[in-house]
Amino acid sequence: MKSVSILGSTGSIGTQTLDVIRINKDIKVVALAAGTRIKELAEQVREFKPELVCTATEEGAKELAALVPDMQIKIVYGKDGLIEAATVKEAQIVVTAVVGMMGIVPTIEAIKAGKDIALANKETLVTAGHIIMKLAKECGVNIYPVDSEHSAIFQCLNGENKREVRKLLLTASGGPFRGRTVEQLADVTLEDALKHPNWAMGKKITIDSSTMVNKGLEVMEAQWLFDVPVDRVQVVVQPQSIIHSMVEFVDGGIMAQLGSPDMRLPIQYALYYPHRRELNSEPVDFFKLGKITFEEPDMETFKGLKLAYMAARKGGNIPTAYNAANELAVSKFLNRKIKYLDIPESIEYAMDNISYLDNPDVNQILSTEATVYEMIESRW
């Protein structure tokens, strides 16, 4: 029986991971880590009976202890607790589903401890891909992508010679504002931005999808996961979200992975690779679907995607500046403190004004994040 640790267990990916485990009944959950949804975490603890549980704060740890006084578990909290959850001895694979750059250090420590990684935290590779991929190779650790797009590419490359890849075709739904102009985006409300047409996700990633920053992060992530230059990663808008991504080979052949928009599929594939399991997802009905259409992304209206390519080409700590500015700007937008179009403006401002660092280490990455936060706070 495989043993797993889940970082971010009460979030969208975390809860769907537990659903996959619940369905299959042959994976043991040895550690759970969550933020502030303590009651949900307590319910997970009672159902899956992990050995170790981590909360974001000491207060959360005390609240959890009070909710499960009869459970024989170790409760930890904070950054050190998250690392402990990521490196718990019994875990064979770690699902990294925490949101934001807090996932970097636990992922690094899990790799050092020899754990395979089911990666659902984009920021880890966006900001520290040059560190993570090298370390994983040195430690003989596998990184299995959980994002539907990267999982699709991973599946298309299975058994193929990666040196024969011409380019990666990363698909995007286009989000709720596909086809709108910049002028039409000026007065977008929070409620509008949270209405994704196809996927059910957490609030932060839903906003990122609406701005296409999420696709920009995926572009930067793909270059590290699959070791290709960023200009060989092409975004294709595919509004039906049936084709999850494609790979074009040097002979012109294109391989695509299709399926219903259900995140449990890539999660299950990562947990059980190289095997597939039955999944009670809605099958694609091609007759009902009728057609699959494609569009070129509008990078002028959705400037977040254009800025992502610029950040990837510059490298160094610029992708960190991109990511950090977006994280804070999205948080401010979710709290109704800034306007929708202030999100890409914040990203561009951070990229233009941060001091460039080539090949940053983890401390420099985290320092860049802190500096960007100060910059954005002082301007907005």
| query | Can you name the residue in the stretch 18-48 that is exposed (fewer than 14 other Cβ atoms within 10 Å of the Cβ) and among the basic types (K, R) and, of all such residues, is farthest from the chain's Cα centre (by Cα)? | reply | R46
| Candidates A256, A193, filtered to the one that is small (G, A, S), buried (at least 16 other Cβ atoms within 10 Å of the Cβ) and under 16 Å from C156 (Cβ atoms) | A256
| remark: Going through the stretch 240-289 in order, the residues found to be among the polar types (S, T, N, Q) and in contact with a Gly (Cβ under 9 Å, 6 or more places away or on another chain) are S281
| Would a scan of the stretch 124-143 turn up a residue that is aliphatic (A, V, I, L, M) and under 19 Å from I21 (Cβ atoms)? | no
| message | Step by step: first the residues of the stretch 287-307, then only those that are in contact with a strand residue (DSSP E or B) (Cβ under 9 Å, 6 or more places away or on another chain) and of a type outside the set (D, E), then the one that is surrounded by the most Cβ atoms within 10 Å (Cβ to Cβ). Which residue is that? | response | L305
| Can you spot a residue in the stretch 300-320 that is in contact (Cβ under 8 Å) with a residue 40 or more places away in the chain, assigned to a loop (DSSP other than H, G, I, E, B) and over 22 Å from L125 (Cβ atoms)? | yes
| task | Specify which of the listed residues (N317, N363, N353, N323) is surrounded by fewer than 20 Cβ atoms within 10 Å (Cβ to Cβ), touching a helix residue (DSSP H, G or I) at 6+ places or on another chain (Cβ under 9 Å) and closer than 22 Å to M101 by Cβ. | result | N353
| field | P266 touching a Ser or Thr at 6+ places or on another chain (Cβ under 9 Å), not in a loop (DSSP other than H, G, I, E, B) and not assigned by TED's automatic domain parsing to the domain that holds I132 | value | yes
| field | Hey, K122 over 26 Å from A321 (Cα atoms) and either in contact (Cβ under 8 Å) with a residue 24 or more places away in the chain or of a type in the set (F, W, Y) (or both) or not | value | no
| Name the residues in the stretch 233-262 that are charged (D, E, K, R) and within 16 Å of F294 (Cβ to Cβ), would you? | E248
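The values are calculated or read from the model by the stated rules, or taken from the named source; none is laboratory data. Please read all numbers here as calculations on a predicted model, not as lab measurements. Here the Cβ is made from the backbone with ideal geometry for all residues, glycine too, and neighbour counts use every protein chain on show.
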